[in-house]
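Here's the structure, in structure tokens; my notes come after.
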Amino acid sequence: AFSPSALPPAAAPAAARPQPKAIHPPGRSYPPPDHRCHAPIVYVTQTGDLYKDGVRLGSSARSYKTACSGDVAWVDSIGSLHLNTERLGSSASLYEIAWRTGDVAWSDSIGAMHRNAERLGSSVRIFSMNGYTGSVAWIDSMGAMHLNGERLGGSASRFKTALFTGDVAWLDQTGGMHRNAERLGGSGNSFEINDYTGAVAWTSQTGDMY
């Protein structure tokens, strides 16, 4: 499978707060079959040293994920997250790497949301890494919808992202339909977003199509 883990993941520690979740849009998490993928050859020695294409990146590796860009995101035994030889941060909980750009989306043990070495915000509840653009769509524990470091709105219930543009379509808890920070209308029910254009098609609760 693409983006393998080097070793079995460690058991998640008990925590009082709900744990964040990374979601993978069906059919869009990984590159299409005809995409020219230059994923590196990665291996971990019995002593925990991690190598990429024969070059040692670091030690005490616990898990890793690769990208078609040739990059490797990996976590060491004390929870530090790395991108190749660069240390991105500590206490990593969940992480994903964008297959095209090599960007890394990750949450830490206190629920902060990060993209590479940049802290995007706090109290992440759910996030999705766009494999093509490297952008991160996420909802925090208060229901605010975010795209990278930008707050798009509040009371978000669910969202979908456009693969090639990175735009976000989302519904709020009152049925408001949104595209990024723009409110498209109310009483939303179902919706789709076009991967190539970012256009949103949606139906209202009365069956009207927009």
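The values are calculated or read from the model by the stated rules, or taken from the named source; none is laboratory data. Source: prediction; values computed, not measured. For neighbour counting, all protein chains shown are included, and Cβ atoms are generated from backbone atoms with ideal geometry for every residue, glycine included. Heads up: the accessible areas ignore ligands, DNA and RNA and are worked out on the full protein's heavy atoms, side chains in. Shrake-Rupley method; radii C 1.70, N 1.55, O 1.52, S 1.80 Å.
Beta-bridge orientation, the chain: approximately 95 percent antiparallel, per DSSP, counting only bridges with both partners inside. When only the Cβ of Lys, Arg, Asp and Glu is charged (+1, +1, -1, -1), the dipole of the chain relative to its Cα centre reaches about 300 debye.
Which of the following values of semi-axes √(5λ) of the Cα gyration tensor in Å was calculated from the structure shown: [x] 24, 20, 17; [y] 29, 25, 19; [z] 33, 20, 12? The calculated read-out lines up with [z].
Rolling a 1.4 Å probe across the protein heavy atoms gives the chain an accessible surface of 50 Å² per residue.
FRET efficiency for the pair ARG183 and ASN84, taken as 1/(1 + (r/R0)^6) with r the Cβ-Cβ distance and R0 = 45 Å, rounds to 0.65. For SER141 and SER204, the difference between the fully extended length at 0.36 nm per residue and the C-alpha to C-alpha distance is 20.0 nm.
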